[in-house]
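Okay, so here's the structure we're looking at.
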Amino acid sequence: MTSIQESRLKNIFSETLGVSDGFAELSQKNCAAWDSVAQLNLIIAVEAEFDVVFEPEEIAAMTNFSSLAASLSAKLRAKNDL
Amino acid sequence: MKNFVFRNSTLEPFFPRGETEFSGYGDVSRIPSDAENFLWFYTFPPEASSAEAFALAESFFAKLKLALAGVPAEARFFVVLLNPPPAKLRVVASDENFEKAAEYFNSSVREQARARKNMRCVTVPAEISDDVDWRFFFSAQVPFSPKHLPEIAEIFRGFFGEKAAENAGKSDGVPARENVSRQPSAENLPVPALRKKCLVLDLDETLWGGVVGEDGVGGIEVGGSYPGNAFSFFQKKISELADSGIILAIASKNNAADVEEVFEKRAEMPLSLEKFSARKIDWRDKATQVREIAEELNIGLDAIVFADNSPAERAWINAALPDVATPAFPSHLFALPDFFVRLLDEYFRAETLTREDLSKTEQYRANRARERFARECASLEDYLAALQIELSVSCNDVTAFPRLAQLSQKTNQFNLANRRFSLADLEKTVSAGTRIYALSVKDIFGDNGICGVAVVDDSARGNAEIAEFALSCRVLGRGIENEFLAEILRRERSRGVVEIYARFVPSQKNLPAKNFYARNGFAEIAPNVFSLKLSDGVPAAPGSLFKINLP
């Protein structure tokens with residue numbers, strides 16, 4: 001993921017969860033605002049922003065910033081390979 | 001709070017966070033008195049069969065009237081008019097049950113709106129309501145694709161936002177947008193020239209997730225969360241197909257006893273074994289099984305469609321019995337509704353139903369109970385009574401453990417101790433003497449399956465402790481949690497437990513459960529530690545309106 005893509009991703013997190021730093025450690029466990037509705041809003045926003053589609057199994061596994069960023073990275077790579 | 005939404009699906013993503021609160025799913029028992037705007041936004045569940053359309057619309061309207069009666073007269077009340085579910089799921093092309101049911105609801109609502117000040121109708125275009133993203137539908141019960149988020153937000157900004165006052169001032173009582181949307185797609189539904197007669201189904205990984213011979217009766221996935229709910233959807237639709245005259249059959253490599261046990265014990269499955277007119281459950285090759293099915297039913301091989309997730313089995317049938325249709329099974333389970341649409345488009349949709357097609361007696365019998373709902377529900381008590389909620393509680397039933405582990409992992413809101421039990425944890429604790437209670441909930445609209453879990457340990461001197469108590473948010477808000485607790489207390493008492501302890505472990509998400517034990521007669525003996533003496537009996541649960549069904 002490029003640094004521009006990463007900052008676009010962080011913007012989505014900031015807007016949805018109201019956080020401004022500590023992204024690397026950010027997870028559903030340590031963030032009160034990250035409930036199931038926020039999870040849904042995050043995925044919807046990320047899909048729209050990056051034009052990717054996640055599968056339900058992937059969505060269920062994306063419970064922290066790092067795993068979401070990794071999943072997105074993989075999607076973007078797969079898109080570029082096409 | 002500014003806005004309150006009565007809903008039966010997940011609508012949170014479509015509204016700005018912070019100023020809007022939502023009812024429980026399908027619940028009208030909690031009506032806040034401090035909201036300025038109320039919105040009624042119900043949708044037909046897309047898995048509903050055409051035969052259920054009227055009962056659903058009637059139940060929505062009965063609930064709506066309860067909500068209206070409880071909402072302060074000066075508050076604004078907006079009602080989203082009903083659209084039929086996506087037409088492409090329709091088994092019979094000319095069937096207009098859902099249109100008629102929606103029209104019944106909508107005209108009843110308009111009549112109410114004429115009589116009540118500050119009540120308005122809102123339309124959501126069919127292009128939006130027809131467009132379901134099955135991924136979000138199955139993983140979060142979102143009724144239509146989030147890509148329409150901006151359009152929906154725009155519709156409601158006009159009502160909840162600055163323009164609300166202006167709208168409320170209009171004298172005609174009907175905003176300009178209000179205009180029931182037709183279903184443009186319904187008229188162009190494909191109807192196959194020659195309708196196939198029989199659908200032959202595989203079982204493992206086709207009608208449910210997992211392999212019964214390996215995962216066990218409790219381990220297979222059907223109902224509950226994704227992907228179990230995708231299989232339930234598929235089964236429900238196949239059941240509707242059978243009611244329209246299509247013969248169902250099973251071709252499965254399995255032990256017949258295992259399969260019979262699944263149909264017997266997993267009662268939340270929409271399909272029952274009796275729906276299948278021919279059943280080949282053995283270890284012979286599938287071409288032999290399908291050939292026997294054709295002979296037994298006295299139909300040609302070219303009248304058969306074979307649905308199996310395994311490409312190898314489909315290729316085998318293709319080679320051995322080329323007249324049998326073998327549509328490709330979707331690689332993602334959230335695409336099962338699309339697969340069903342393909343089955344309809346290419347093989348099974350009927351233009352109209354003839355009398356012979358209608359083997360519907362059973363269906364009508366099942367519906368009679370629901371139609372009772374049509375009668376007036378004058379009060380909340382009537383409504384809860386009319387729902388005929390039935391709870392059943394089991395203890396240490398290992399077939400329930402996989403679903404209980406899932407509930408324990410996933411439930412955040414109504415989770416008292418926030419302990420997460422894996423399947424292995426449950427199996428280990430039960431062998432150490434712990435009681436693991438499972439709650440199942442049924443009402444006239446169907447079987448919700450297992451929705452609650454509680455874990456009770458022995459502690460010192462004849463006492464016990466509730467180590468965990470969690471209930472799915474799908475069934476919250478009807479007093480069900482109180483009844484579940486009371487039933488556990490009764491059973492613990494009959495085991496000789498004198499005093500029972502419980503703990504509330506606050507998390508960032510379980511505040512709604514904070515007063516649960518206190519409300520149910522427990523004394524708080526230390527911060528968030530509760531105790532109840534069972535020697536004097538078990539206090540009655542607040543609001544006992546349910547029939548408790550004990551296995």
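Just a few scattered comments:
- Filter result for B:Arg495 (more than 14 Å from chain A (Cβ to nearest Cβ), at pLDDT 90 or above and in contact with a Cys (Cβ under 8 Å, 6 or more places away or on another chain)): no
- The lone exception for B:Ile247 - which of (1) out of contact with any helix residue (DSSP H, G or I) (no Cβ under 7 Å at 6 or more places or on another chain); (2) in contact (Cβ under 8 Å) with a residue 40 or more places away in the chain it fails: (1)
- For region A:1-31, a residue qualifies if it is in a loop (DSSP other than H, G, I, E, B), within 14 Å of chain B (Cβ to nearest Cβ) and in contact with a helix residue (DSSP H, G or I) (Cβ under 9 Å, 6 or more places away or on another chain), and the qualifying residues are A:Val19, A:Leu26, A:Gln28, A:Cys31.
- Only a single criterion out of (1) in contact with a helix residue (DSSP H, G or I) (Cβ under 6 Å, 6 or more places away or on another chain); (2) among the hydrophobic types (A, V, I, L, M, F, W, C); (3) over 18 Å from B:Leu194 (Cβ atoms); (4) modelled with pLDDT under 95 is not satisfied by B:Ala294, namely (3).
- Unmet requirement for A:Leu68, which otherwise passes all of (1) hydrophobic (A, V, I, L, M, F, W, C); (2) assigned to a helix (DSSP H, G or I); (3) within 14 Å of chain B (Cβ to nearest Cβ): (3)
- Any chance A:Val46 is closer than 22 Å to B:Lys509 by Cα, within 14 Å of another protein chain (Cβ to nearest Cβ) and either β-branched (Val, Ile, Thr) or under 12 Å from the mean Cα position of the chain (by Cα) (or both): no
- Across region B:1-18, the qualifying residues are those that are within 14 Å of another protein chain (Cβ to nearest Cβ) and among the polar types (S, T, N, Q), and the one among them that is nearest to the chain's Cα centre (by Cα) is B:Ser9.
- Qualifying residues in region B:198-244 (those that are assigned to a strand (DSSP E or B) and within 20 Å of the chain's Cα centre (by Cα)) - the one surrounded by the most Cβ atoms within 10 Å (Cβ to Cβ): B:Trp208
- Hits in region B:441-464 - residues which are touching a strand residue (DSSP E or B) at 6+ places or on another chain (Cβ under 6 Å), assigned to a strand (DSSP E or B) and surrounded by fewer than 22 Cβ atoms within 10 Å (Cβ to Cβ): B:Lys442, B:Asn448, B:Asp457, B:Asp458, B:Asn463
- Condition check for B:Glu21: without any contact (Cβ under 8 Å) to a residue 40 or more places away in the chain, within 14 Å of chain A (Cβ to nearest Cβ), of a type in the set (Asp, Glu) and in contact with a helix residue (DSSP H, G or I) (Cβ under 6 Å, 6 or more places away or on another chain): no
- Qualifying helices (runs of 4 or more DSSP H) (wholly inside region B:95-169; at least 1 residues being within 14 Å of chain A (Cβ to nearest Cβ) and modelled with pLDDT of 90 or more): B:134-140
The values are calculated or read from the model by the stated rules, or taken from the named source; none is laboratory data. Computed from a predicted model, the values in this text were never measured in an experiment. Glycine also receives a Cβ, built like all others from the backbone with ideal geometry; neighbour counts cover every protein chain displayed.
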